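Remarks on the structure that follows.
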Amino acid sequence: MQSKMLMLVAGTSLSLAASAFAQGGGTYTADTGFNIADASGDNRLTIGGFAMFRYNASFRDSDSVGDQDDLTLGFNAPTTTLRASGTVGDRNLSYKIQSTFGQDGVGVIEDAFAEYAFGNGWSVRWGQFNLPVVREVVIGVEDHLGADSSVTSQYFNQGYSQGIQLGYTTDSFRFMGAVSDGAFTSNTNFDSDLEADYAISARGEFLVVGSDWARFNNYTSWQNSEAGALLGAAIHWQSGGETGGTSDVDILLATVDFTYEGAGWNATAVGYYQKVDAEGSADVADFGFMLQGGIFVSSQWELFGRYDGLFLDDSGTTTEDTLNFLTLGANYYLFQDSNAAKFVVSGIYSFEDTTGFLDGTAANDNGLFGQGKDGELALTVQAQVRF
């Protein structure tokens, strides 16, 4: 039922936007989508989204998974996202609604929030949104270098939640602090056992080089770009078990990241720490880091590489406590200096036994299934279109 309603709303919105655009009242950019506004500019609607389509090949060891399952091939459409955003009544009062349809065709509301800008850099947001913790997750999968998120960000990410966020932005510093229901509590009622008693998230970012915040909404740096560098740090704490319906679990997550972008190249380093204290279980403390870089070798071809390292608590469920992954690939941008359409070819290799980490159903989005030996390889060819 939710999916049908989402499709109806999306179809109606797209029809209205197309009609206004055809009458000369709209604009389009690949970063935002189709934009229409009234004469005053106080009421604005932007309709956009993206769609991904893939061919996947997974190579595993026959001694570990059997002769039939050592090669798995096929197409899938992992993500189709529709979003509407804009302002209403006042240019300072903005909103965003975003829904994503997975490969099963089921639509899920991700963003559903409003935000008011008070001036002098201050703003407040309320509703459902991505908590300001892991930068790679906040950016969004359509703006990553590869076909999907890194293994480390998928492991440590905080997900969507419902709450209130205070923001402050200057030319070189910005801060976001949120009080919420906790990690991965989107589309839940206030008595859900998924929620924490309370959760606090805070993230600060510094523009070490440059003055353009918008360039760090993605990881790609075009060949005509000037230098820029961003240093960020975030912390998330949540606790449960003291009010009705919540589980007795405390979670601490901290991360530090640094990104440098030059003329046609980029480099990122991220570190993670997470501690989970659940009643009746031993405390689990995990570490991780990610190194990533990309470089244009022509005006439309970009090569990239990524290394993920996970250092897991020995009281966890995995066979190996240290897991290492290497991703290599290339992006082809159909239009120069634009993310409107691109093709991705990438491969990811696991250096360790991933038993207990991957459950055999490609639970992560990188095509890995997991096996009881090192050396699993997954290849992906992806087409992505933004609108």
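Computed quantities for the displayed model
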| read-out | value |
| --- | --- |
| Condition check for Ala378: surrounded by fewer than 19 Cβ atoms within 10 Å (Cβ to Cβ) and small (Gly, Ala, Ser) | no |
| Search result, residues across the stretch 91-106 that are surrounded by 18 or more Cβ atoms within 10 Å (Cβ to Cβ) and of a type in the set (A, V, I, L, M) | Ile97 |
| Residue match in the stretch 157-172 (condition: in contact with a Pro (Cβ under 8 Å, 6 or more places away or on another chain) and either over 25 Å from Ser338 (Cα atoms) or of a type in the set (D, E, K, R) (or both)) | yes |
| One residue from Ser62, Ser15, Ser19 being at pLDDT below 90, within 30 Å of Gly370 (Cβ to Cβ), surrounded by fewer than 17 Cβ atoms within 10 Å (Cβ to Cβ) and hydroxyl-bearing (Ser, Thr, Tyr) | Ser62 |
| In the stretch 213-250, the residues that are touching a helix residue (DSSP H, G or I) at 6+ places or on another chain (Cβ under 8 Å), in a strand (DSSP E or B) and not small (Gly, Ala, Ser) | Leu230 |
| Pair list, Cβ under 6 Å, 6 or more apart: the stretch 364-387 residue at positive phi, other residue part of a strand (DSSP E or B) and hydroxyl-bearing (Ser, Thr, Tyr) | Gly367/Ser58; Gly367/Thr380 |
| Breaking point among (1) without any contact (Cβ under 8 Å) to a residue 60 or more places away in the chain; (2) not in a loop (DSSP other than H, G, I, E, B), for Asp257 | (1) |
| Test result for Lys342, within 19 Å of the chain's Cα centre (by Cα) and among the basic types (Lys, Arg) | yes |
| Qualifying position, being under 20 Å from Thr152 (Cβ atoms), of a type in the set (Gly, Ala, Ser), part of a strand (DSSP E or B) and touching a strand residue (DSSP E or B) at 6+ places or on another chain (Cβ under 8 Å), among Gly316, Gly305 | Gly305 |
| Residue that is modelled with the lowest pLDDT, among those in the stretch 342-365 that are in a loop (DSSP other than H, G, I, E, B) and small (Gly, Ala, Ser) | Ala362 |
| Filter pass, Thr72 being crowded, with 16+ Cβ neighbours inside 10 Å, over 21 Å from the mean Cα position of the chain (by Cα) and over 24 Å from Asp337 (Cα atoms) | yes |
| Number of the condition not met by Gln384 [criteria: (1) in contact with an Asp or Glu (Cβ under 8 Å, 6 or more places away or on another chain); (2) at pLDDT below 95; (3) among the polar types (S, T, N, Q)] | (2) |
| When residues of the stretch 313-332 are limited to those that are modelled with pLDDT of 95 or more, surrounded by fewer than 22 Cβ atoms within 10 Å (Cβ to Cβ) and not polar (S, T, N, Q), the one nearest to Asp277 (Cα to Cα) | Leu326 |
| Residues being touching a residue at least 60 places away in the same chain (Cβ under 8 Å), among the small types (Gly, Ala, Ser) and assigned to a strand (DSSP E or B) - total across the stretch 321-341 | 1 |
| Residue in the stretch 193-202 that is outside any strand (DSSP E or B) and out of contact with any Ser or Thr (no Cβ under 9 Å at 6 or more places or on another chain) present | no |
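The rows are residues; the columns are (1) under 24 Å from Gly49 (Cβ atoms); (2) at pLDDT below 95; (3) buried (at least 17 other Cβ atoms within 10 Å of the Cβ).
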position	(1), (2), (3)
Val108	yes, no, no
Phe113	yes, no, yes
Gln128	yes, no, yes
Val134	yes, no, yes
Asn157	yes, yes, yes
Gly163	no, no, yes
Leu166	no, no, no
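One line per residue, one yes/no per condition, for (1) in a strand (DSSP E or B); (2) in contact with a Gly (Cβ under 9 Å, 6 or more places away or on another chain); (3) closer than 24 Å to Asn217 by Cα:
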residue: Asn35; (1), (2), (3): yes, yes, yes
residue: Gly49; (1), (2), (3): yes, yes, yes
residue: Ser64; (1), (2), (3): no, yes, no
residue: Pro78; (1), (2), (3): no, yes, yes
residue: Thr87; (1), (2), (3): yes, yes, yes
residue: Asn92; (1), (2), (3): yes, yes, yes
residue: Lys96; (1), (2), (3): yes, yes, yes
residue: Ser99; (1), (2), (3): yes, yes, yes
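Quick grid of which residues meet (1) crowded, with 17+ Cβ neighbours inside 10 Å; (2) over 17 Å from the mean Cα position of the chain (by Cα); (3) modelled with pLDDT under 95; (4) of a type in the set (Val, Ile, Thr):
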{"site": "Glu205", "(1), (2), (3), (4)": "yes, yes, no, no"}
{"site": "Phe216", "(1), (2), (3), (4)": "yes, no, no, no"}
{"site": "Ala227", "(1), (2), (3), (4)": "no, yes, no, no"}
{"site": "Thr243", "(1), (2), (3), (4)": "no, yes, yes, yes"}
{"site": "Asp250", "(1), (2), (3), (4)": "yes, yes, no, no"}
{"site": "Trp265", "(1), (2), (3), (4)": "yes, yes, no, no"}
{"site": "Ser281", "(1), (2), (3), (4)": "no, yes, yes, no"}
{"site": "Ser298", "(1), (2), (3), (4)": "no, yes, no, no"}
{"site": "Trp301", "(1), (2), (3), (4)": "no, yes, no, no"}
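The values are calculated or read from the model by the stated rules, or taken from the named source; none is laboratory data. Given the structure is predicted, the values throughout are model-derived calculations rather than measurements. Every residue, glycine as well, gets a Cβ built from its backbone with ideal geometry; the counts of neighbours run over all protein chains shown.
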